[in-house]
Amino acid sequence: MKPKRGFVHEVLGGLGIACAEDTVPTALPKDAEQAARVMGEAGRRGWKLLPVGLGHQLAHVRPESQGFDLWLSTRRMQQVVLYEPGEATITLQPGVIWQYVQGLAAENNQCLSPTFHADIPRTVGGVIAAGFSGLDRPLRGALRHQVLGMRVLMADGTIAVTGGRLVKNVAGFDLHRLHTGGRGQLGVIMEASLRLHNEPQETVVLGHAFESVGVGVAAARRLHSARLPGSGLLLQIEESGACRLACSLQGSPGLIADANRLAALAMDFEWDLRGAPAQEYQTIAAGGFDLDPQAPWLFITCQPTAIEAVQASAWTWLELHSLHASGILQPDVAQWYLRIDGEVSAPALSELEKQMAELGAVLTPLGSLRPAQWNPAAQSTAPLRQAVEALRQQFDPEDRFQARLA
């Protein structure tokens, strides 16, 4: 039986812990000790507990989030524990806003990866738990490569320490990379140490507009094959079918000059942004990763060599079902985020999932599609579910963080 809301507030108040009234009662501990107290109380009473940050992206990363008895939000834990500009590392509590860290690093000509648009604040713990990687992933690697170490609150109330605070620290197992993208299923991040990067000497954005997605994808494929040094590619797709291809170049003047020459051999460009305009374009483009959780989205991953085949198959499916799509493609890492305009039925989704599987691609519905309609074939997810369940039994034997997998 689920506890009554008022009772949850009363119990947490008796522990000296603030509790907010969100869609689910939300504990607001101010430090790791209070968080462990919440964890212990939830365990004694059999409450299902979900770690959250600000909760903006829960519909994407945890569509079943409303089924919990209590959320444990780390948004009050906002201390910068240690910042070493000379070592290019920073250690933070999980409630620190990611965009604040970006500004702090910029004061020392450093930057944090990934970069997010300032309009939607994100907590450090939320970004890491969700496993977000942004526009600069081809340049600096996935988010898990930016995390040097963590302190994590486990299901039994103990604190596990993994990794370290310095780049050269290699002690222990890299369990912090397991928690990166773990979606709060393996523990609550209490502290994270991140790698910083030097601001590039020069930033250039080359761009070209296309009337059709197919032509734009083919051009993106050529640019990816050119192996431009210091580059990142983004294809922005409009609902009308038109698209814009942007090639971001970062690095020393010599590297930029070499990349420019190679890019010119691959295709002609309509615009060439440098300096502040190029940085502003990148900031705006980063907003493409802020997905509206109330809208229907499709996330597709594939091999870079398959993006043309995936595009042709997906757009044939859209046309067959009288649908349109907008969104972004990262050709370097072959990831699509497509917002669907129109009603999508479960049989239509299953049809597309089968087509993508035949091309070696993986389809994941997000936003309003995922929790309501998605029911993939059991044989396609059975190995993954078994692996997740095995991890859960190791990290959360009493099943406090999540409901059982169906």
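The values are calculated or read from the model by the stated rules, or taken from the named source; none is laboratory data. Given the structure is predicted, the values throughout are model-derived calculations rather than measurements. Don't worry about glycine lacking a Cβ; one is built from the backbone with ideal geometry, like all the others, and counts go over all protein chains shown.
Output the residues belonging to the range 174-204 that are within 18 Å of the chain's Cα centre (by Cα), of a type in the set (S, T, N, Q) and modelled with pLDDT of 90 or more. Selection gives Ser193 alone.
Could you please find all residues in the range 243-291 being surrounded by fewer than 17 Cβ atoms within 10 Å (Cβ to Cβ) and of a type in the set (Lys, Arg)? Passing the criteria: Arg261, Arg274.
Can you pull out every residue in the range 292-317 that is closer than 15 Å to Leu369 by Cα and surrounded by fewer than 20 Cβ atoms within 10 Å (Cβ to Cβ)? Answer for the range 292-317, where residues must be closer than 15 Å to Leu369 by Cα and surrounded by fewer than 20 Cβ atoms within 10 Å (Cβ to Cβ): Asp292, Pro293, Gln294, Ala295, Phe299. Please indicate, with yes or no, whether at least one residue in the range 36-49 is within 30 Å of Pro296 (Cβ to Cβ), of a type outside the set (Phe, Trp, Tyr) and either part of a helix (DSSP H, G or I) or touching a residue at least 12 places away in the same chain (Cβ under 8 Å) (or both). Within the range 36-49, one or more residues are within 30 Å of Pro296 (Cβ to Cβ), of a type outside the set (Phe, Trp, Tyr) and either part of a helix (DSSP H, G or I) or touching a residue at least 12 places away in the same chain (Cβ under 8 Å) (or both). Of the residues making up the range 245-268, one or more are in contact (Cβ under 8 Å) with a residue 60 or more places away in the chain and of a type in the set (Ser, Thr, Tyr).
Residues in the range 262-316 that are in contact with a Lys or Arg (Cβ under 9 Å, 6 or more places away or on another chain) and more than 26 Å from His117 (Cβ to Cβ): Leu262, Ala266, Met267, Thr305, Glu308.
Assess whether Ile340 counts as being of a type in the set (Val, Ile, Thr), more than 22 Å from Arg221 (Cα to Cα), outside the structural domain of Glu239 (by TED's automatic domain parsing) and in contact (Cβ under 8 Å) with a residue 40 or more places away in the chain. The answer is yes for Ile340.
Only one of the numbered conditions (1) at pLDDT below 90; (2) assigned to a helix (DSSP H, G or I) is violated by Gly216, and that is (1).
The residue of the range 1-35 that is modelled with the lowest pLDDT, among those that are loosely packed, with under 15 Cβ neighbours inside 10 Å and assigned to a helix (DSSP H, G or I), is Arg5.
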